[in-house]
Amino acid sequence: MYRRGLIDDNSSRRGRRTVGQAPSTVLQVALMVLVVLPGVTYQFLRERWRGPVPEQRELGERVLRAVTASVVLDTVYLIVAGPQLLELVRGGNGQGWDGLTRDLRVSGLVALLLFVLVPAAAAAWVSVRERRRLRARFRGTPTAWDYAFRDRAPCFIRVRLKNGGWAGGWFGTKSFASSYPHSGEIFLQTAWQMSRDGSFAAKSQHSTGLYVRCDDIDLLELLDPPSPSRRGTHDPESTTDAR
């Protein structure tokens, strides 16, 4: 009987410890969210509004920036409304950590404010300030490849491959060029036969497209189609005047 009572007593103690550990686990999760989520929101919106930047392509650097932004925002939260936030979490009685579950609507509004609205406002403010301060040298286009094909009108394209050969075709409305952060690739809707000197010889028969990788290119040239006075009423794809 004594051993059984001792076992029951130990079990009840372990049960009390388990119940007592639950708020601590919830608190740890809440603290982790508080440390990470504001910076993630800030970093995501900054990248969306500013555009991709090549020097920030590494995941580790982006995570570090998000954590740094979270630390800054959390510090501001504590300075501005630290006692009020603590009272909200504790439920107003100064004991326990179950205040968040007593009024879910208030907790949801505060979470929306701290985790989304304030980081979004900070990202918008920094983006606008950066654009004004760096107006003369800020570029939303990250690479020359994106600049060459952004809003590109139909034209002829010829490329010299690294093996010395030539390839080319018509870049029209059914063509496609990749953009950052993906590697440079281009799809020409019509392929052309090329001469040894790189001039366009003739349109390839039954061609349905030409795929070229930037890694295989040594030189790329974009050529405007011939003027209407030179080509008459013919389709620019069918002319051989693009040399």
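The values are calculated or read from the model by the stated rules, or taken from the named source; none is laboratory data. In this text, all values refer to a predicted model and were calculated from it rather than measured experimentally. Positions of Cβ are generated from backbone atoms using ideal geometry, with glycine treated the same way; all protein chains shown enter the neighbour counts. Heavy atoms of the whole protein, side chains included, go into the accessibility calculation; ligands, DNA and RNA do not. Shrake-Rupley method; radii C 1.70, N 1.55, O 1.52, S 1.80 Å.
General observations
- For the set Thr68, Thr41, Thr208, the ranking by accessible area, highest first and with no ligand, DNA or RNA atoms included, is Thr208, Thr68, Thr41 under a 1.4 Å probe.
- Note on Leu112 and Leu85: the extension gain reaches 8.3 nm, defined as 0.36 nm multiplied by sequence separation minus the Cα-Cα distance.
- Here the stretch 105-220 is treated as a Stokes sphere of Kirkwood radius computed over C-alpha pairs; at 20 °C and 1.002 mPa s its diffusion coefficient rounds to 122 µm²/s.
- Ranking Arg48, Arg160, Arg150 from most to least accessible surface, computed with a 1.4 Å probe over the protein chains only, gives Arg48, Arg150, Arg160.
- Residues Trp170, Trp145, ordered by accessible area of protein heavy atoms at a 1.4 angstrom probe radius and largest first, appear as Trp145, Trp170.
- Approximate spin-label separation Leu223-Thr208, in nm, with each point projected 7 Å along Cα-to-Cβ: 2.7 nm
- Here the spin labels are modelled as points 7 Å beyond Cα on the Cα-Cβ line, and at Thr75 and Ala153 they lie 5.3 nm apart.
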